[in-house]
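Presented below is the structure to which this report refers.
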Amino acid sequence: MVDCIFCKIINGDIPSYKVYEDEEVLAFLDINPVALGHTLVIPKEHYETVFDAQEESFGKLSAKVAKVAKKINNALDCDGINILQNNGKASGQVIFHVHFHLIPRKEDDGVLTFPNVIGEKVNFEEIAKKISKA
Ligand code: 5GP
Ligand code: ZN
């Protein structure tokens, strides 16, 4: 049995502000929101990252992410939503129970910006081949 904060939230051992729940997923407000309505969508089945995911389960989870994104978009006065999903410490993952961040955005809110594109010359052919062959 893993000691997991999100499993405890699913089991009701840790309280949360739920916004959607069904047999397979739970969506609840992030305790440290970067924007009003910042929501996390998690599978009830515990797995750590996309690398551990059954592709079919991950597909079903993604469908529920779309459902919750539409609910947020209908409920809140937002101009857009970022959907983020971190995998591994280097990516910023802190809680190792797979989850999607849904972050409502307003025009020019400055909440999230991506750094400049990588400057060095990229060998696109080589990298595309490497990934497609893997
Ligand atoms: P990560 O960095 O792993 O992608 O994101 C984990 C998220 O979980 C963070 O945004 C953090 O604020 C949120 N979080 C961590 N602990 C709790 C908790 O106990 N309750 C809720 N609602 N969110 C949490
Ligand atoms: Zn868990």
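General remarks:
- Scanning the range 1-29 for residues that are more than 16 Å from ligand 2 (Cβ to nearest atom) and open to solvent by less than 50 Å² (accessible area, probe 1.4 Å) turns up Y20, D22.
- Here K44 qualifies as at pLDDT 95 or above, basic (K, R), more than 10 Å from ligand 1 (Cβ to nearest atom) and at negative phi.
- Matching residues, the range 12-31, being under 22 Å from F58 (Cβ atoms) and out of contact with any helix residue (DSSP H, G or I) (no Cβ under 8 Å at 6 or more places or on another chain): K18, E21, E23, D30
- Test: residue in the range 61-70 that is more than 25 Å from I5 (Cα to Cα), surrounded by 10 or more Cβ atoms within 10 Å (Cβ to Cβ) and at pLDDT 95 or above: yes
- Of the residues making up the range 30-54, those that are more than 15 Å from ligand 2 (Cβ to nearest atom), open to solvent by 80 Å² or more (accessible area, probe 1.4 Å) and charged (D, E, K, R) number 0.
- Test: S57 is within 16 Å of ligand 2 (Cβ to nearest atom) and hydroxyl-bearing (S, T, Y): yes
- Extreme residue, farthest from Y47 (Cα to Cα), among residues of the range 1-26 that are in contact with a Lys or Arg (Cβ under 8 Å, 6 or more places away or on another chain) and outside any loop (DSSP other than H, G, I, E, B): V19
- Output for the range 88-108, where each listed residue is surrounded by 14 or more Cβ atoms within 10 Å (Cβ to Cβ) and more than 30 Å from C4 (Cα to Cα): K106
- Matching residues in the range 23-49 - criterion: being over 21 Å from L76 (Cβ atoms) and out of contact with any Asp or Glu (no Cβ under 8 Å at 6 or more places or on another chain): E23, H46, Y47, E48, T49
- Taking each residue of the range 100-125 that is among the acidic types (D, E) and looking for partners that are modelled with pLDDT of 90 or more and open to solvent by less than 50 Å² (accessible area, probe 1.4 Å) with beta-carbon atoms closer than 9 Å, six or more apart or interchain, yields E107/G80; D109/A35.
Yes or no, residue by residue, for (1) without any contact (Cβ under 8 Å) to a residue 24 or more places away in the chain; (2) within 14 Å of ligand 1 (Cβ to nearest atom); (3) under 16 Å from H101 (Cα atoms):
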| position | (1), (2), (3) |
| --- | --- |
| V2 | no, no, no |
| Y17 | yes, yes, yes |
| N32 | yes, yes, yes |
| I72 | no, no, yes |
| Q85 | no, yes, yes |
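The values are calculated or read from the model by the stated rules, or taken from the named source; none is laboratory data. Keep in mind the model is a prediction, meaning the values are calculated, not measured. Positions of Cβ are backbone-derived with ideal geometry, glycine not excepted, and every protein chain shown enters the neighbour counts. The accessibility values were calculated without ligands, DNA or RNA, using every heavy atom of the protein model including side chains. Shrake-Rupley method; radii C 1.70, N 1.55, O 1.52, S 1.80 Å.
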